[in-house]
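One structure below.
The values are calculated or read from the model by the stated rules, or taken from the named source; none is laboratory data. If you're wondering where the values come from, they're calculated on a predicted model, not measured in any experiment. Please note: Cβ atoms are built from the backbone with ideal geometry, for glycine as well, and neighbour counts cover all protein chains shown.
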Amino acid sequence: MRDATAATPRIGVVLLVPDRWRGIWALRHHVAHRLARHFEVVWVEAARSWREYWGLARGRDLIAHDIPPDFPGFTVYDPGRWLAKVHKPRVLSNWIHRARMQAAVNILRSKGCARIITYVWRPELAWALDAFAADLTCYHIDDEYSFKASEQPNDPAEVALLQRVDQVFIHSHGLLRKKGGINRHTAHVPNGVDYAAYSTPVAEPADLAAIPHPRIGYVGVVKAQLDLQLLRNLARANPEWSFVIVGPRGFLGDKEGVLNEMSGLPNVHLLGNRAVHALPAYVQGMDVCVMPYEINDYTNFIYPLKLHEYLATGRPTVASPIHSVVPFMEVVGLATTPPEWQAALENALTPAARAPEAVRARREHAAEHDWDLLVEQIATRLRARLGDPRDGADEASERPRVGAYAGGRGG
């Protein structure tokens with residue numbers, strides 16, 4: 001339900017995103033539909049090429065959820081084949097960009113929006129700032145877009161975007177240190193969790209129920225940043241444990257063979273992609289949840305969505321000590337070497353790790369990162385930047401303390 005007391009019908013938000021509404025659920029999706037409780041929101045689907053629209057190019061959409069895009073305050077706009085993505089000639093590309101933006105703005109105008117926010121999620125979407133003169137522009141950074149294991153200099157195109165927009169949001173402290181000094185209107189808003197969904201007990205999925213305990217589980221995209229060799233070796237060394245991986249395959253690079261090898265082990269269960277509404281049940285069904293990331297410059301910039309999702313279930317969690325996870329060492333077991341992982345998993349399987357006070361501590365940390373609270377912080381900041389008289393945000397503090405950071409417990 002949309003919160004009528006918080007709704008601001010005269011403000012509309014055009015969200016420029018790199019993916020599609022019914023794709024893999026990401027930070028953008030969590031923020032987008034909750035912003036619709038505060039503003040009118042139009043999600044502009046990532047445009048495809050003409051070949052894709054006409055079915056001439058191979059590709060597939062991973063449908064990760066069945067949430068209809070028709071709840072109050074939220075509209076999904078698909079540019080369609082007549083406004084497909086083109087790069088040349090430049091004059092045609094610019095015209096299509098303006099047409100896409102104008103169509104999204106027209107939707108908001110039809111809903112009574114007098115002021116428009118252009119909300120950009122990737123540097124390559126910076127064209128939106130030239131396609132329409134918005135009342136406020138915003139750039140949200142949710143990854144290090146070089147995707148390189150070693151740190152790279154800031155992309156000049158991203159620096160130009162950071163310098164140009166009115167407001168910046170950054171999700172991890174690592175990225176805040178790298179990019180947070182470019183625009184003085186920069187706020188840190190960490191990743192969160194749908195706390196009610198993950199903390200409320202639900203029935204165990206049938207495919208998971210058939211897998212023996214104890215279950216060591218990873219729920220998320222299976223990608224190259226994971227230390228799959230570590231998981232393979234742990235599975236070999238502990239045949240009495242079930243290793244369960246739930247999620248679609250992302251880019252694996254030279255680790256494709258390791259994952260295929262794991263699939264042949266009798267105690268490894270690759271369950272594949274599941275709809276977003278089904279994920280809490282899978283996390284709740286694990287005995288230990290894991291985040292086995294390789295440690296490098298890239299992973300030290302990320303902030304895993306699954307961190308607070310795991311904690312919200314109260315399940316013991318073991319992770320590699322990447323920067324965003326270390327501040328939660330009070331409730332997350334940290335391990336680097338194979339012997340450390342072995343010991344941490346053994347400890348997580350003890351009765352003490354499942355004691356009520358341990359479960360409660362994990363959930364308390366997760367509750368402080370509920371998406372509703374975090375997106376309210378974003379909405380408050382945007383209203384303040386627009387000078388909305390109903391907002392009392394203090395513009396003197398450009399990096400608000402959000403969730404766990406108010407008490408110094410997050411990181």
Being at positive phi and outside the structural domain of Leu271 (by TED's automatic domain parsing), is that true of even one residue in segment 187-194? no
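Can you say whether Leu234 is in a helix (DSSP H, G or I) and free of Cβ contacts under 8 Å to residues at least 60 places away in the same chain, as far as the supplied structure shows?
Values: in a helix (DSSP H, G or I): yes; free of Cβ contacts under 8 Å to residues at least 60 places away in the same chain: no.
No, not satisfied.
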Return a yes/no flag: does segment 289-309 have any residue that is under 18 Å from the mean Cα position of the chain (by Cα), at pLDDT 95 or above and charged (D, E, K, R). yes
Is there a residue in segment 310-330 that is out of contact with any strand residue (DSSP E or B) (no Cβ under 7 Å at 6 or more places or on another chain), polar (S, T, N, Q) and surrounded by 20 or more Cβ atoms within 10 Å (Cβ to Cβ)? yes
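Which of the strands (runs of 3 or more DSSP E) found entirely inside segment 110-184 contain at least 1 residues meeting this: in contact with a helix residue (DSSP H, G or I) (Cβ under 6 Å, 6 or more places away or on another chain), crowded, with 22+ Cβ neighbours inside 10 Å and among the hydroxyl-bearing types (Ser, Thr, Tyr)? Walk me through how you get there before you give the answer.
On the way: elements: 115-120, 136-141, 167-170.
Filter on segment 110-184 gives 115-120, 136-141.
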Single unsatisfied condition, Phe251 versus (1) farther than 17 Å from Val221 by Cα; (2) hydrophobic (A, V, I, L, M, F, W, C); (3) outside any helix (DSSP H, G or I): (1)
